[in-house]
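Heads up: the structure comes next, in structure tokens.
No lab work stands behind these numbers, since they all come straight from the coordinates. Every value quoted in this text rests on a predicted model; they were computed, and no experiment measured them. All Cβ positions, glycine included, derive from the backbone under ideal geometry; neighbour counts span all protein chains shown.
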Amino acid sequence: MTDVPFRVVFAVYSGMTQLDFTGPYQFLSRLPRSEVIVASAAGGDVFSEGLTFAGTRRLAEISACDLICVPGGANATAVALDLGLVGEVRRLAQGARYVTSVCTGSLILGAAGLLEGRRAACHWAWRYLLPLYGAIIDDRRVVQDGNLITGGGVTAGIDFALTVIAEVAGSEVAQLIQLGLEYAPAPPFNAGSPESAPAAILAAYRARLAGVMSVREAEARAAVPRIAVLSG
């Protein structure tokens, strides 16, 4: 057995959805013989939904990793236009054993040219954008296609993390961590997906999104020609 730790890198950015990051981080940080690094394009403090994640490392300073994970966020399509961050994600992903994301983080992977011909998950409201990057939409909560493992929206990040742990260290280790963190979800409402939510709730949520959908779609489309730049 190697003494070299399994290196996990979270590529974070201001504006991310904090649970996309903190949920998987809580679980993956308990992976035996692992090293978990939180990094951003500029390093330093990263702001998210009223929380500050301090002292992140610069992505450019990290030479390699075994797994890279990109969380999602309301501004993920805008972040996907940042060639500096997306370029570092692509560089690390090309040498990683596993390329992963949670929620709309898969759109950033797509903008990095990492989803062509691959099945991927995303938050249900934005997964229709995945084909812009050559990805195949998969509406499951966690999707594995080779070394690509993607989670659906926000809370799916915990199921995603357990899937990754089972892949890397075995199902027994994953279950031990699940038990230690008492992950036994029993939601009070069956409204966690568009298929199960009451029609009125779904319509109300879609109405909330109406004002930003055209902006985010335009940003997602603008990222497509930049893939050729990253591919060099």
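Does any residue of region 114-129 turn out to be buried (at least 22 other Cβ atoms within 10 Å of the Cβ), closer than 27 Å to ARG33 by Cα and touching a helix residue (DSSP H, G or I) at 6+ places or on another chain (Cβ under 9 Å)? No, region 114-129 contains no residue that is buried (at least 22 other Cβ atoms within 10 Å of the Cβ), closer than 27 Å to ARG33 by Cα and touching a helix residue (DSSP H, G or I) at 6+ places or on another chain (Cβ under 9 Å). Scanning region 159-177 for residues being touching a residue at least 40 places away in the same chain (Cβ under 8 Å) and either more than 11 Å from the chain's Cα centre (by Cα) or surrounded by fewer than 20 Cβ atoms within 10 Å (Cβ to Cβ) (or both) gives a total of 8.
In region 159-189, of all residues being of a type in the set (A, V, I, L, M, F, W, C) and outside any helix (DSSP H, G or I), the one that is farthest from THR22 (Cα to Cα) corresponds to PHE189. Can you tell me which residue in region 52-64 is surrounded by the fewest Cβ atoms within 10 Å (Cβ to Cβ), limited to those that are among the hydrophobic types (A, V, I, L, M, F, W, C) and outside any strand (DSSP E or B)? Step by step, filter region 52-64, then rank; the result is ALA64. Residues that are part of a strand (DSSP E or B), in contact (Cβ under 8 Å) with a residue 12 or more places away in the chain and among the polar types (S, T, N, Q) are absent from region 65-79 altogether. Selection of region 122-156 for residues being without any contact (Cβ under 8 Å) to a residue 60 or more places away in the chain, within 19 Å of ARG206 (Cα to Cα) and not in a loop (DSSP other than H, G, I, E, B) yields ARG127, TYR128, LEU130. Just so you know, in region 77-109 the residues that are over 14 Å from GLY152 (Cα atoms) and of a type in the set (Gly, Ala, Ser) include one that is surrounded by the most Cβ atoms within 10 Å (Cβ to Cβ), and it is ALA80. With respect to VAL154, determine if the residue is out of contact with any helix residue (DSSP H, G or I) (no Cβ under 6 Å at 6 or more places or on another chain) and surrounded by 13 or more Cβ atoms within 10 Å (Cβ to Cβ). When the stated conditions are applied, VAL154 does not pass them.
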